[in-house]
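Scroll down for the structure; my scribbles are underneath it.
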Amino acid sequence: MIELATQKDISHSEILAQIAKDAHAAFWNKEQFEEELKLACAQIFLCRTQANKEPLGFVCFRVYQDEAELTNFAVKVQEQNKHFGTELLSFALTYLLNKGVKKITLEVSTQNAKAKKIYTDFGFKKVSLRENFYEGGIDAELMLFTA
Ligand SMILES: CC(C)(COP(=O)(O)OP(=O)(O)OC[C@H]1O[C@@H](n2cnc3c(N)ncnc32)[C@H](O)[C@@H]1OP(=O)(O)O)[C@@H](O)C(=O)NCCC(=O)NCCS
């Protein structure tokens, strides 16, 4: 099941930080997840097996009027490739579009074939290249989704 995170999920910040670290997603520590969960412009979607259980994955956005930015996205390593990531993104995009979001941007490593495939399947398009964006001189693609 996928749900929008609430303040109650601050208790899961450590688990979210561990998922991000293990998956090599954008590394936010426990405190950063706590801060993000309190931010009015942040929307975090969690995937769990049952209500109130520990999350298996998350996708985070910051929303500014009709624009949103995907800021972090990961599924627990042992649970990857079971379509949880696709379900999370599908739920989040539907939710955001229903709230009037018209444009979503994100950055993805040029080397992250799986994430790029998922984003492309949902209609994100590459709009530019950000050279040396990540550690180790790895480039990022800026991708855009328009409603
Ligand atoms: C990216 C991520 C969130 C996706 O979640 P997931 O649950 O593993 O993904 P899903 O199972 O929903 O979908 C995987 C899809 O990619 C495909 N895939 C798997 N490995 C692939 C690869 N190396 N290259 C291209 N496609 C690949 C699968 O076949 C599947 O496609 P399908 O739906 O057509 O069968 C997750 O893998 C993750 O946490 N990765 C590490 C962190 C990360 O890269 N975050 C995104 C940063 S921008």
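Where a number appears in this text, it was derived from the coordinates with a stated rule and is not lab data. Source: prediction; values computed, not measured. Neighbour counts are summed over all protein chains in view; Cβ atoms, including those assigned to glycine, are modelled from backbone coordinates with ideal geometry.
Here are some notes:
- Stretch gain in nm, segment Gln80-Leu4, where the contour uses 0.36 nm per residue and the Cα spacing is subtracted: 25.3 nm
- Per-pair calculated FRET efficiency, R0 = 25 Å: Asn132 and Tyr95 via Cβ, rounded to 0.05: 0.15
- Sorted fewest first by neighbouring Cβ atoms within 10 angstrom, Arg130, Arg62 come out as Arg130, Arg62.
- With both labels modelled 7 Å from their Cα along Cα-to-Cβ, the Lys103 to Tyr64 distance reads 1.0 nm.
- Less than 5 angstrom separates the built amide H of Ala5 from those of Ile44, Phe45, Leu46, all sequence-distant by 5 or more or on a different chain.
- Global form of segment 12-147, assessed from the alpha-carbon gyration tensor, a/c cut-off 1.5: rounded
- Selected from Ala68, Ala51, Ala25 as most flexible by GNM, with the chain as the system and alpha-carbon contacts under 10 Å: Ala51
- Helix-only [θ]222 nm of the chain, DSSP H runs n ≥ 4, -39500 (n - 2.57) each, per residue, nearest 500: -9000 deg cm²/dmol
- Potential lengthening of the chain between Thr110 and Lys21 amounts to 30.1 nm, from the contour at 0.36 nm per residue minus the alpha-carbon distance.
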